[in-house]
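Just so it is clear, none of the values below were taken in a lab; they were calculated from the coordinates. The model shown is predicted, which means the values in this text are computed figures rather than measured ones.
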Amino acid sequence: MTTQTLYKSYIIEEYKLEEEPYYVPVGDEIELFEAAYKQRLPLIFKGPTGCGKTRFVEYMAYKLGVELTKTTKSSDNDEGLNLPLVTIACHEDLTASDLVGRYLLEGDQTVWIDGPLTRAVKVGGICYLDEVVEARKDTTVLIHPLTDHRRILPVEKRGELLEAAEGFLLVLSYNPGYQSALKDLKHSTRQRFVSIEFDYPPVDIEAQIVEHEAGIDKDTAYQLAKLGEKIRNLKEHGLGEGASTRLLIYAGKLIAQGIPPRRACQVSVNWAVTDDQSIQQSITEIITSIFE
């Protein structure tokens, strides 16, 4: 094995997806992702908290990885491992070195350690920058050369220009509902990406998701989905963010453990979405009307 092959095997093992993530498509997002991936077009996912953006990119990494495995005629044990998914949770202290890499002391030597972005670039994986608007603007500018025809990553500390491996794809996500003028994406960044908008799924699909993820019966899952729909309607009355699908799943999991539905919804949904007592009272009334 060459050094590059060993490196790729190590990265695939570190970032592999053990099993297929559960995902129910709402629109044509799968077809859009596949088309973008075939053309290596970078993507932005826009949508509210907990609506499935991260789960979707996990699902697509696995799905495309399986297809790559079949194409290369690898063994069945390698299913889904040919397209590693490197996820980076962005925050305001994220630096270029955090993405690209840095020199570190190891014993009496100084060694270079690749950052997660560099790893994805070298092995041809998907690099997913979650909540990218939280990162510093001087850091996000670093990704620009990866989003056009050049597909290169400058590693200034080593004086290198890394060319992205064939399978590499850059995916960003953020929640426009929370963005401010200070945390919006620069136009020079935004216009380098294909944008897919996400929202919470329709009640019937959300009920299907909650039923599967929480392990509860169909009727209870449907009631939770209706609860989510009604709470989201309160956004017109001062609620900052609606109840996410994730919170509905949390409530379902508590119910599956024997917690009464009203109590489960109170602690997992109501108190999680707001501290405003008047809105909490409104949500309590909705919970009571659904779980009589």
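For region 140-292, the convex hull spanned by the alpha carbon atoms encloses 176 Å³ per residue. Checked against a 20 Å cut-off, the cross-linked pairs Lys38/Lys186; Lys16/Lys63; Lys16/Lys122; Lys46/Lys218; Lys38/Lys122; Lys63/Lys218 give Cα-Cα distances beyond that limit for Lys38/Lys186; Lys46/Lys218; Lys63/Lys218. In summary, the convex hull built on the alpha carbon positions of the chain has an orientation-averaged projected area of 18.6 nm².
Using alpha-carbon pairs under 8 Å, 6+ residues apart, how would you state the relative contact order of the chain in percent? This gives 18 percent for the chain.
Using the Karplus relation 6.51 cos²θ - 1.76 cosθ + 1.60 with θ = phi - 60°, the per-residue 3J(HN,Hα) values for region 222-236 come to 5, 4, 5, 5, 5, 4, x, 4, 5, 5, 5, 5, 6, 4, 6 Hz, with x marking Gly and Pro. Rounded to whole numbers, the Karplus 3J(HN,Hα) couplings from phi for region 284-289 are 4, 5, 5, 4, 5, 6 Hz, using 6.51 cos²θ - 1.76 cosθ + 1.60 with θ = phi - 60°, and x at Gly and Pro. Using only Cα coordinates, the Kirkwood hydrodynamic radius of region 103-167 works out to 13.2 Å. The calculated 222 nm mean residue ellipticity attributable to helices in the chain amounts to -12500 deg cm²/dmol, summing -39500 (n - 2.57) over DSSP H runs of n ≥ 4 and dividing by all residues.
Gap in Å between the Cα centre of region 33-55 and the Cα centre of region 273-292? Their Cα centres are 33 Å away from one another.
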